[in-house]
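Colleague: Below you will find the structure I want to go over with you.
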Amino acid sequence: MPGMDYLAPDAIERVLSQAEKSRQDTINLLRKLISYRTESQNPDNPDYLPQARACQDFISGFLKENGFAIDAWDATPLTFPGHPTIAASRKGTGGGRSVALNGHIDVVPAGGTSAWTVDPWAGEIKDGKLYGRGAADMKAGVASMLAAVKLLGDAGFRLKGDVLVHSVSDEEVVGFGTRECVERSPKMGAVICTEPSGLEIFPAEPGLEHVRIEVDGLETHAGNRYACIHAGGNAPGVNAIEKTIKLITAIQELERMWANKKSHPLLPAGFDTLLPGLIMGGPGGGKDGKLNMITNPGTVPGYCSVEYNIWYYPSETRDQIIRDFEGYVLDVAKCDDWLKDHPPRFTWNLRNVSFPPFDTQPDSPLIQTLVRSLGEVAVQPKISAFRAASDLAWYGEKGGSGAIFGPGRINECHSPNEFVEVEELISATKVLALTILNWCGFK
């Protein structure tokens, strides 16, 4: 960018030259990471823990060889007894800004191999594409950040600022690994999460909440329904499913109102959606959103629950969303003779899903450094926002700038024949190295 302090041409050339010399090493590094079968979503998977430990041990060894001190532990258990976690740090010479690099090594299950045309764990290369489970999500990002810090040392640069590398193994199960990395690390000047962005820069991501609404009714025999709903009826029955439908219909109107009144410059219009994604109703009451008894529709249901996925904009807060959502639903309930005396109940943070938003201004120094670095590798810079939740969210509480930037595309994630373009992997490595060098400063 004109007028922006950036690297001198000779420093840029040293980085790009070293990246090309290290091209095959970077490719081999990704293939090595893919070879570990780190499928974290199945709690009955006997291979996850030994494979995750082996992968993190490999990363620890790689970082130690490149001057990093290693803090390793098992993050708070979720689907397994523990999730191997690394917070590595390399002190700078002083006087520079610090940066943290974040990635996860766990992957979703590869599924039946019949859906794959290649071995999902071999890192096979065909027509410029490197295939494998986690190739895009997000072992390519991890490989590029590891390769970037190594090539800077190999090129003889001594960074002034500290570099931190956070590698977790529980992102696909919405775990605590990155949260604990943030707690155990000093305040960072900037963070780059190398989730797949297709080499776009995402300085913002929305907030995400999962909430359950529970509604109580009053059970009675199905033969009494006519007396429950028609004039003159006096049977003591209230259908919890139908009362919940009233709320669902009203929440659709709230969704439209939010879409028309709110916006964010980097996210699509109407992105702040309210998705009813799971519903359960019937006789027998409820516990944790589930029926205690499921028989048949011969009883007027006395219980119903519906669970929502709520996206909200980076300019909003969790407290604001909870207040507005609950307030609206309770106001609707007051218009119903039954619900006003038996108001719905809310449970937030379902299954540990409660991601705060993240927002860095596009004209901030970090984002503009990424823009300039992309230009140096002949990639047209694009700035947008991540349209999902990521571990970047947990860095916001400590302040500082941040962005998602990495190789791979979201369209390839979680699918058979997952791949990353080899050139995208190399370009991401170059951009990260240039950005780290400019951000931290060097001697």
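Taken together, the values in this text are just the output of simple stated rules run on the coordinates, not laboratory data. Please read all numbers here as calculations on a predicted model, not as lab measurements. We place every Cβ from the backbone using ideal geometry, glycine too, and count neighbours over all the protein chains shown.
Colleague: Give me the distance in nm between label points sitting 7 Å out from Cα along the Cα-to-Cβ direction at ARG256 and LEU275, one decimal.
Modeller: 2.1 nm
Colleague: Please work out how much length the chain gains when fully extended from TYR226 to GLU326, using 0.36 nm per residue of separation minus the C-alpha to C-alpha distance, in nm with one decimal.
Modeller: Working it through step by step, the gained length comes to 32.8 nm.
Colleague: On to the next question. Sort 87-93, 140-146, 349-355, 298-304 by the packing proxy (mean of other Cβ within 10 Å over each peptide's residues), most packed first.
Modeller: Taking the mean over residues of other Cβ atoms within 10 Å, the ranking is 140-146, 298-304, 87-93, 349-355.
Colleague: What length, rounded to one decimal in nm, is gained on full extension from GLU397 through to ALA122, with 0.36 nm per residue of separation minus their alpha-carbon distance?
Modeller: Length gained between GLU397 and ALA122: 95.1 nm.
Colleague: What's the center-to-center distance, using Cα atoms, between region 157-223 and region 7-58 in Å?
Modeller: 21 Å
Colleague: If you don't mind, there's one more thing I want to ask. Dipole magnitude of the chain about its Cα centre, charges +1 at Lys/Arg Cβ and -1 at Asp/Glu Cβ only, in debye to the nearest 20?
Modeller: 700 debye
Colleague: Now, a different point. Which FRET efficiency, nearest 0.05, do ASP44 and ASP5 yield, Cβ-Cβ r, R0 51 Å?
Modeller: Step by step, r from the Cβ atoms, then E = 0.45.
Colleague: In addition: Report the one residue of LEU101, PRO297, ILE251 whose Cα lies farthest in the direction of the positive end of the charge dipole of the chain (charges on C-beta: Lys and Arg +1, Asp and Glu -1; origin at the Cα centre).
Modeller: Positive-most Cα among the choices belongs to LEU101.
Colleague: I've got another one for you. To the nearest 20 debye, what charge dipole does region 351-443 have about its Cα centre, counting +1 at the Cβ of each Lys and Arg and -1 at the Cβ of each Asp and Glu?
Modeller: The calculation lands at about 220 debye.
Colleague: Something else now. Take LYS290 and ASN352, extend 7 Å from each Cα along the Cα→Cβ direction, and tell me the distance between the two endpoints in nm.
Modeller: 1.8 nm
Colleague: If the reach is capped at under 16 angstrom between alpha carbons, list the lysines near LYS398, excluding any in the same chain fewer than eight residues apart.
Modeller: Here the lysines satisfying the reach criterion relative to LYS398 are LYS187.
Colleague: OK, next. Size of the dipole of region 95-178 about the Cα centre, Lys and Arg at +1 and Asp and Glu at -1 on the beta carbon, nothing else charged, in debye to 20?
Modeller: Here the size comes out at about 420 debye.
Colleague: Please turn the phi angles of region 369-385 into ³J(HN,Hα) values with the Karplus equation 6.51 cos²θ - 1.76 cosθ + 1.60 (θ = phi - 60°), one per residue in order, whole Hz, x for glycine and proline.
Modeller: 5, 4, 4, 5, 5, 4, x, 5, 10, 6, 10, 5, x, 10, 10, 9, 10
Colleague: Just to be sure I understand the model, the point goes 7 Å from the Cα along the line to the Cβ. What's the resulting ASP71 to SER17 distance in nm?
Modeller: Reported label-point gap for ASP71 and SER17 is 3.8 nm.
Colleague: Further question on the same structure: Can you tell me which lysines have their Cα less than 21 Å from the Cα of LYS246? Leave out same-chain residues fewer than eight positions away.
Modeller: Reachable lysines: LYS290, LYS334, LYS340.
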